[in-house]
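Here, each number is a calculation from the coordinates, and none is a lab measurement. This one's a predicted model, so the numbers in the text were calculated from it and none came from an experiment. Cβ: placed from backbone, ideal geometry, glycine included. Neighbour counts: every protein chain shown.
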């Protein structure tokens, strides 16, 4: 497997032309390539940016954007949320590389991935292509962040090992590999987190990948009560946000 980082021009909030950047920055793609795109430039391409304001305004915005929000007693910061089957800080809202704006997640990262997939597949005349949209998250009990997939299209996200033998002949009963988050993490290492200006990468040569022309998210995502972390997260699921709060400073599109 190789990961090829792609440098681009700066995309400017609150809205910029993502399609033009994809067309001008990506080299000729090959069959079985997977294009990894940071959620930041997808959101800027969709105009999902709000002028940065006060902490109180950000808190209301987090409440609006989160699917579930961790609430603590007064005086403690409420950072962690569940959004789009992902535990993420502040509902994914971020002000890095946003030039005075808060950048939200894409409205529907899976639909965004499909749209990019359709554009690139048509432009490069490919039968087998994957697209992964990533963001950075901080795992529990660790310092630092890693890349994770928040949306994808064109690939089967996991590899099943059930029925396969280990080196001693013992057959696996439950195991599978999470391929899509694995390449998201690898690509994030090449794209960076600060001023690298490389929000795209191409992952090439992953033999385990199987490609698809339909939505495969159900092969990765599970319901809360099926999750092995549900006993830890159930208190957050019990604290679903209140009614959506309207942010008057800027209407989102």
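For the peptides 212-222, 195-205, residues were scored by their other Cβ atoms within 10 Å and the scores averaged per peptide; the highest-first order is 195-205, 212-222. When Rg and Dmax of the Cα atoms in Å is calculated directly from the model, which label among (i) 18.9, 63; (ii) 28.6, 90; (iii) 16.9, 51 fits? So the structure-derived entry is (i). Residue ranges 97-108, 34-45 sort as 34-45, 97-108 when ordered by packing (mean number of other C-beta atoms within 10 Å per residue, highest first). Judged by the mean number of other Cβ atoms found within 10 Å, the most tightly packed of the peptides 79-90, 159-170, 52-63, 128-139 leads the ranking 128-139, 79-90, 52-63, 159-170.
Simple spin-label estimate for residue 119 and residue 213 gives 2.1 nm between the two label positions (7 Å along the Cα-to-Cβ direction from each Cα).
How high is the FRET efficiency between residue 171 and residue 141 when r is their beta carbon distance and R₀ equals 25 Å, given to the nearest 0.05?
Details: r = 32 Å, r/R0 = 1.27.
After rounding to 0.05, the efficiency reads 0.20.
Contour minus end-to-end for residue 79 and residue 194, with contour as 0.36 nm per residue of separation and end-to-end as the Cα-Cα distance?
Details: separation 115, 0.36 × 115 = 41.40 nm, distance 2.11 nm.
Going from the current span to full extension adds 39.3 nm.
Were the residues from residue 25 through residue 54 laid out at 0.36 nm apart, the gain over their Cα-Cα distance would be 6.9 nm. Each DSSP beta bridge with both residues in the range 1-138 is either parallel or antiparallel, and the antiparallel ones are about 60%. Extension gain for the segment residue 17 to residue 225, taken as residue separation times 0.36 nm less the Cα-Cα distance, is 70.9 nm to one decimal.
In percent, how large is the relative contact order of the chain, given Cα pairs closer than 8 Å and 6 or more residues apart?
Working: 476 pairs, mean separation 72.8, N = 253.
Answer for the chain is 29 percent.
DSSP finds beta bridges in the chain, and of those with both partners inside it, around 85 percent are antiparallel.
Before rounding to the nearest 500, sum -39500 (n - 2.57) across all DSSP H runs of length at least 4 in the chain and divide by the residue total; then give [θ] at 222 nm in deg cm²/dmol. Write out the running numbers ahead of the final one.
Numbers: 6 runs with 64 residues, N = 253.
Calculated from helices alone, the mean residue ellipticity at 222 nm is -7500 deg cm²/dmol.
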